[in-house]
Amino acid sequence: MRKIIAQNKRVEVVKDETPAVKPHFLLVKTLYSTISPGTELTIIENSTDKPITLGYSAMGVVEEVGSGITGVQKGDPVAVYGAPYVQHAEYLLVPKTLFAKVPQNVEAKEAALAGIGAIAIHALRIADLQFGETAVIVGLGLLGQMIAQIANAASYRVIAYDLHEERSTMVKEQANIRSFSSMEEMKQAIAESTNGNGADAVLLCAGGKRSPLTGQSLEWIRNKGKVVIVGDIEPDFPRNLMFSKEAQLLISRAGGPGRYDKVYEAEAVDYPYGFVRWTEGRNIEEYIRLVSEKRIDVSSFIKEEVNFSDVTEAFEALMNKKSTTLTNVIDFSK
């Protein structure tokens with residue numbers, strides 16, 4: 001099979017052996033996978049002579065079902081998430097804890113965003129907002145856009161911000177989401193929405209080392225408010241403002257409980273439902289439900305499609321900042 005790797009700051013397509021199915025795992029033939037620019041461009045930039053496989057969010061059809069798995073059979077469409085099991089590769093060996101079946105009314109390309117959706121859902125769970133509270137989403141790349149839509153679907157009051165007017169405008173197309181490319185206008189909207197008290201939570205979806213956004217975010221929250229770090233941004237919080245507001249500083253780690261746990265992932269052992277209600281696998285299922293019930297609309301995220309044979313050129317465009325697209329969806333049939 002073919003797969004995509006990063007090596008020496010370049011993207012290459014290489015050949016590898018097709019994995020063999022094993023107990024508690026599915027073998028999936030990939031139809032689409034999603035490029036996550038923020039994560040993958042960082043991996044490419046930091047890559048050395050040791051190859052690193054790219055990708056973590058995809059969908060495909062079940063090729064083989066390992067023993068110990070019920071409720072799914074060969075030919076079923078599934079959404080899958082989580083490196084190193086999910087890659088930009090023609091075949092994927094995925095544990096039963098990291099997939100969700102895809103209903104007929106969900107398009108394949110929409111399902112390929114399931115990993116992004118799970119990460120967005122987990123970030124909002126970390127924020128632990130109550131019905132009617134105000135969430136400020138800073139940074140409107142693919143993940144920020146997804147979080148804004150899901151927060152709106154949950155009936156939070158959503159205020160969004162990005163320096164790029166084009167990305168801010170994308171969010172405005174969603175009902176009840178106020179979005180700005182001017183920080184002053186955003187701050188005014190926060191004051192108006194909260195009667196001057198400040199937002200209940202700010203979710204930082206931007207990147208950057210020692211970004212001033214981390215310190216500024218403390219100015220935008222209420223007393224005892226929360227700042228959730230979602231993107232690849234280096235924390236730099238002034239103590240005085242933290243202390244005066246008794247602010248909660250939180251970080252969201254990928255798609256939910258189970259991520260990076262070898263027992264949950266590599267051994268495919270799920271957590272008890274009553275003790276860990278929302279695992280990364282159950283967050284995948286929840287994303288699929290939101291799309292299936294039309295509670296969110298991700299069609300604007302998947303307008304850019306690239307054939308697998310042209311994927312290196314697509315990555316080069318992203319690396320050279322020649323593309324303003326949120327993501328590319330890779331079509332493995334071409």
- Kindly provide the set of residues from the range 21-52 that are crowded, with 22+ Cβ neighbours inside 10 Å and in a loop (DSSP other than H, G, I, E, B), ordered by number. 35, 36
- Of the residues 284, 296, 288, which single one is under 18 Å from residue 57 (Cβ atoms), crowded, with 16+ Cβ neighbours inside 10 Å and out of contact with any helix residue (DSSP H, G or I) (no Cβ under 6 Å at 6 or more places or on another chain)? 288
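I'd like to check something: does the range 300-316 contain any residue that is in contact with a Pro (Cβ under 8 Å, 6 or more places away or on another chain) and of a type in the set (Gly, Ala, Ser)? Write out each step before concluding.
Narrowing the range 300-316 to residues in contact with a Pro (Cβ under 8 Å, 6 or more places away or on another chain): none.
No, the range 300-316 has no match at all.
Given the criterion at pLDDT below 95 and out of contact with any Leu (no Cβ under 9 Å at 6 or more places or on another chain), identify the matching residue among 105, 176. Talk me through it step by step, then tell me what you get.
Numbers: 105 fails: at pLDDT below 95.
After applying the criteria, what remains is 176.
Suppose we keep only residues that are among the β-branched types (Val, Ile, Thr) and not in a helix (DSSP H, G or I) within the range 293-308. Which one would you say is nearest to residue 149 (Cα to Cα)?
Our first condition is that a residue be among the β-branched types (Val, Ile, Thr); within the range 293-308, this holds for 296, 298, 302, 306.
Pick out the ones that are also not in a helix (DSSP H, G or I) and you get 296, 298, 306.
Details: 296: 6, 298: 9, 306: 25 Å.
Filtering first and then ranking leaves 296.
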- Task: Filter the range 272-292 down to residues that are of a type in the set (Val, Ile, Thr) and part of a helix (DSSP H, G or I), then give me how many there are.
- Result: 3
- Name the pairs: first residue in the range 165-181 and polar (S, T, N, Q), second residue open to solvent by 50 Å² or more (accessible area, probe 1.4 Å) and assigned to a helix (DSSP H, G or I), Cβ to Cβ under 6 Å, at least 6 apart or on different chains? 179/172; 181/165
- Message: Among the residues of the range 156-172, what is the count of those that are touching a helix residue (DSSP H, G or I) at 6+ places or on another chain (Cβ under 7 Å) and either exposed (fewer than 13 other Cβ atoms within 10 Å of the Cβ) or not acidic (Asp, Glu) (or both)?
- Response: 7
- Residue in the range 5-20 that is in contact (Cβ under 8 Å) with a residue 40 or more places away in the chain, closer than 20 Å to residue 333 by Cβ, open to solvent by 20 Å² or more (accessible area, probe 1.4 Å) and not in a loop (DSSP other than H, G, I, E, B) present: yes
- Could we say that residue 140 is surrounded by 23 or more Cβ atoms within 10 Å (Cβ to Cβ), assigned to a loop (DSSP other than H, G, I, E, B) and touching a residue at least 40 places away in the same chain (Cβ under 8 Å) here? yes
- Message: For the range 67-92, give me each residue that is without any contact (Cβ under 8 Å) to a residue 40 or more places away in the chain, open to solvent by less than 50 Å² (accessible area, probe 1.4 Å) and within 11 Å of residue 26 (Cβ to Cβ).
- Response: 76
- Note on the structure: Checking 178, 222 in turn, the sole residue that is over 19 Å from residue 248 (Cβ atoms) and open to solvent by 20 Å² or more (accessible area, probe 1.4 Å) turns out to be 178
- Message: For the structure I just gave you, tell me whether residue 261 is surrounded by fewer than 20 Cβ atoms within 10 Å (Cβ to Cβ) and at pLDDT below 95.
- Response: no
- All positions within the range 225-251 that are out of contact with any Gly (no Cβ under 9 Å at 6 or more places or on another chain) and either open to solvent by less than 40 Å² (accessible area, probe 1.4 Å) or of a type in the set (A, V, I, L, M, F, W, C) (or both): 226, 227, 228, 229, 242, 243, 249, 250, 251
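Residues are listed down the side, and each one gets a yes or a no for (1) closer than 24 Å to residue 117 by Cα; (2) of a type in the set (Gly, Ala, Ser):
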residue: 7; (1), (2): no, no
residue: 27; (1), (2): yes, no
residue: 37; (1), (2): yes, no
residue: 48; (1), (2): no, no
residue: 55; (1), (2): yes, yes
residue: 64; (1), (2): no, no
residue: 72; (1), (2): yes, no
residue: 100; (1), (2): yes, yes
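The values are calculated or read from the model by the stated rules, or taken from the named source; none is laboratory data. Keep in mind that this is a model prediction, so the values were computed, not measured. No Cβ is skipped: glycine too gets one built from the backbone with ideal geometry, and neighbour counts run over all protein chains shown. What goes into the accessible areas is simple: the full protein's heavy atoms, side chains included, and nothing from ligands, DNA or RNA. Shrake-Rupley method; radii C 1.70, N 1.55, O 1.52, S 1.80 Å.
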